[in-house]
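Okay, here's the structure, questions in a sec.
FYI, it's all coordinate maths here, none of it is from the lab. Just so it is clear, the model here is predicted, and its values are computed rather than measured. With ideal geometry, Cβ positions are generated from the backbone for all residues, glycine too; neighbour counts draw on all protein chains shown.
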Amino acid sequence: MITAEGLSKRYGDKAAVDDVSFTVRPGTVTGFLGPNGAGKSTTMRMIVGLDRPSAGRVTVNGQDYRRLRAPLTEVGVLLDAKAVHTGRSARNHLRALAATHGLPSARVDEVIEIAGIGSVSRKRAGKFSLGMGQRLGIAAALLGDPHTLILDEPVNGLDPEGVRWVRQFVRHAASEGRTVLLSSHLMSEMAQTADHVIVLGRGKVLADAALPELVRAWTTARVHVRSPRAAELAALVSGRDIEVVSTSPDTLDIAGLEAWRIGDLAADRGIPLHELTPTSGSLEDAYLALTGEAVEYRTRAVPADGAPLEEVVA
C-alpha cells in the first residue's frame, strides 16, 4: 500500500505538488493521470525517496522508502528507462542491480525471459530502442519480486504486442494482491488496464475514484439516432434537460432521454429509425472534462495555409 498525506514539493515559488493525499491499495491497478507538469513524476520520485517533500509524508507499506532494508524486494520502480550504464549489456546491468541485494543470477535470467529481452540480453543497453529500453526497465523493476510496482509510462515506445503484454502483466500482478501504481498518457490503454484512477492537475488531486465512477461523473450518456425524418424527430424529443445535436441531415445525438423512450416516441409518430445506439462516455472524455482548467502547457494547431485553428491541448 502507498499512502500520501499532505504531500507537497516546492521549487522556489512554484508548487509542483500541493497538499496531495491519496492511498494506492493492493489488489488493484491504480492509474495515475494528469497533464504535463501536473506533478505526477515528482510525486513518484518522492514515493521512492529521490525527492524530499517540502511538507507531508509518503509511505510504502507504512514505511519511508529510504528506511527499507532491501528496497528492490519491496518496491519495483520504472521512472526512467534510460537510467542505465550504456556500455553494459542488458544482462550485466541487471546483474549489477541484483548484486546490491544478493539476488542470484538465476533471478536475472528469469526477469529477462519475463520481459522478453532474451535475444538482446548480451547487447549494450545504450544501443537499445525506446521500446527495448522500457522492457529492460520493467525487468529491473521485477528483480526483487516486489509486492509494490510503480511504473511511469511503461508502454512508451512499445509495439502493440508489448503494450498488451504490459497490460496483462500489471493486471496479473494486481490479481496476486500486489500494489500497482501506473502512469500513462494513453487514455484508451488506461481504460482497459486501471481499476482506480487518481488525477492530478497543477499539483493538486482533481479526482480519486474507481474508473467507472469517474467516467459516469464527468461524461454524459447519449443516444445516436439515424432517421430519414431526423428533423421531425428532433422537434418531437426536444424539451427541458434534453440536448439534441444534429450531426448530419439524417443523424442526431440525443442526451437526457433513454433509447427506449426515443424509440417509443418515434413509433407513435410513425417515424422510421435506421439506427438507435446508446453510447457512454469514455475515460478520455472524462479526463479532458476534468483537467480542462488544469492544463499548463498548450499548443495551437495551425493548418497548412497558416490560418490559426482552435486551441488544442498538448
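Using modelled amide H (1.01 Å from N, peptide plane; none on Pro or chain starts), what sits under 5 Å from the amide H of Arg229, excluding residues fewer than 5 places away?
Residues meeting the criterion, in which the H sits 1.01 Å from N, do not exist here.
Give me the percent of Cα-Cα pairs in region 112-201 that sit more than 20 Å apart, rounded to a whole number. Mind showing how you got there, number by number?
On the way: 1364 of 4005 pairs.
Cα-Cα pairs in region 112-201 separated by more than 20 Å: 34 percent.
Could I ask something else about it? Extent of the chain along each principal axis, from alpha carbon coordinates, in Å, largest to smallest?
77, 48, 46
Sort 23-35, 100-112 by packing, meaning the average of other beta carbons within 10 Å per residue, with the highest value first. Don't skip to the end; give the middle numbers.
Numbers: 23-35: 21.0, 100-112: 15.2.
The packing order, highest mean first, is 23-35, 100-112.
Largest first, please: the extent of the C-alpha atoms of region 205-300 along each principal axis, to the nearest Å.
That gives 50, 33, 23 Å along the principal axes, largest extent first.
For Leu273, what residues show an amide H to amide H distance below 5 Å, using hydrogens built from the backbone and excluding near sequence neighbours?
Residues meeting the amide H criterion: none.
While we're here: Show which lysines lie in cross-link reach of Lys14 when reach means a straight Cα distance below 28 angstrom and same-chain residues fewer than eight apart are skipped.
Cα-Cα hits under 28 Å: Lys40, Lys82, Lys204.
Quick one: Karplus J couplings for region 122-133, per residue in order, coefficients 6.51, -1.76, 1.60, θ = phi - 60°, nearest Hz, x for Gly and Pro?
9, 8, 5, 5, x, 9, 6, 6, 4, x, 5, x
What ³J(HN,Hα) values, in whole Hz, does the Karplus curve 6.51 cos²θ - 1.76 cosθ + 1.60 give for region 80-89 when θ = phi - 60°, with x put for Gly and Pro?
Values, residue by residue: 8, 5, 8, 7, 9, 6, 5, x, 8, 6 Hz.
Restricting to DSSP H runs of at least four residues, report the calculated mean residue ellipticity at 222 nm for the chain, -39500 (n - 2.57) per run over all residues, nearest 500 deg cm²/dmol.
Values: 11 runs with 105 residues, N = 314.
Computed ellipticity for the chain at 222 nm equals -9500 deg cm²/dmol.
When the distances between all Cα atoms of region 46-92 are binned every 5 Å from zero, what whole-number percent does each bin get?
The percentages, shortest bin first, are 5, 17, 23, 20, 15, 12, 6, 3.
Using 17 Å as the cut-off for backbone N distance, which residues of region 52-73 belong to the label zone defined by a point 7 Å from the Cα of Asp80 along Cα→Cβ?
It comes to 52, nothing else.
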